[in-house]
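Student: Please see the structure below; I have some questions.
Taken together, the values in this text are just the output of simple stated rules run on the coordinates, not laboratory data. Being a predicted model, the structure only gives us computed values, none of them experimental. Neighbour counts run over all protein chains shown; Cβ positions are idealised from the backbone, glycine included.
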Amino acid sequence: MNKLNQVDLNLLVALQALIRTKSVTKAALQLNITQSAMSRTLQRLRHQFGDPLFVRTKGGLLPTERTIEMSTSLDCLLQHAETLLNPAAFEPKQANTHFTLMMSDFFSQVFMPPVYKTLFEQAPGVSLTCLNRQPDMMEKLSLGEADLSFSSDVQKPQADIYAQALGPDRLVTMMRKSHPLANQPLTLDAYCNSAHALISMGGDRAGAIDLALAKIGRKRNVVLRMPHFTAAPYAIEQSDLLLTLPGCLARKMAEHLQVIVMDTPIETATYQYHMVWHARQHNNLAHRWLRTEVQKVLSQAFSE
């Protein structure tokens, strides 16, 4: 039996809002209806699907297994419906689309200024919100809280997540120009015996270098841990600490600070930066334009 004629598309839009906000009140505000109207809509949804769909908790609405299972399919269905109802082409000059991007502070500083320039030149009506990348990046993409994220940590993307490689990087070591080790090759012994700063966005006690050192039975002395990539080099300029950081950031900061950049005296693998997005956005024309323009600009940046 065909059940399509029994479904109100507005119910599915409301369900998507409830999944994303985990709140009847917030979902009502998002759809510009009253809270009581959203409560009635939730009751209709429960009747339609024969499932509670959400359980009320102190932290908000907790989706049931049934809701979680159909979340991605729901997003794709509504995206396809929107594509059917909207014009078949995306016109950047006439667009007023809003995009939310997630990235680290250093990615924003090193790579994004020419991206912003290109996007606003081609589509002066678009707007952007940039969020600091968080450990729950994949969840935020899944919930629609971000449209696009940039990360070097995408070893095992989820089935409903797309990841496109942008370019490679590797870890290097920075020190102030007047550092006692500045005028000689940086040996492994000197590296391990020095005091270090560590950039740790999530508060981790060890970084990739510490794991590599542990494999050969060595360790270093980390005396300063900082959460921000772009703040750490300023601490290095004013101290005898060493800082191991992405090469692209190190070279950018060395243009402005009294620091030098050296090869790190332990082999670490080259890694890739990725552009990451959820399956719901894959065929969205505006999102496709965004990804294409970002890819063009960053491909040139990585080739220089």
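Student: Of Lys219/Lys252; Lys140/Lys296; Lys177/Lys219; Lys26/Lys140, which sit over 19 Å apart, Cα to Cα?
Tutor: Lys219/Lys252; Lys140/Lys296; Lys177/Lys219
Student: About its Cα centre, how strong a charge dipole does the range 4-85 have in debye, to the nearest 20, once Lys and Arg get +1 and Asp and Glu get -1 at the Cβ?
Tutor: Details: 9 positive and 6 negative charges, 89 e Å.
Value, rounded to 20: 420 debye.
Student: Per residue of the chain, what 222 nm ellipticity follows from adding -39500 (n - 2.57) for every DSSP H run with n ≥ 4, rounded to the nearest 500?
Tutor: Counting only the DSSP helices, I get -12500 deg cm²/dmol.
Student: Ordered by residue, what ³J(HN,Hα) values in Hz, to whole numbers, does the range 61-68 give under the Karplus form 6.51 cos²θ - 1.76 cosθ + 1.60, where θ = phi - 60° and Gly and Pro are x?
Tutor: Whole-Hz 3J(HN,Hα) from phi for the range 61-68: 7, 9, x, 6, 4, 4, 5, 4.
Student: Here's a follow-up. For Kirkwood radius over Cα pairs in Å, several values are listed as (1) 20.3; (2) 25.6; (3) 22.3; flag the one computed from this structure.
Tutor: (3)
Student: Can I ask one more? Looking only at the chain, where both bridge partners belong to it, what percent of the DSSP beta bridges are antiparallel (to the nearest 5)? Can you show the working numbers first?
Tutor: Numbers: 24 of 39 bridges.
If I count the DSSP bridges inside the chain, around 60 percent turn out antiparallel.
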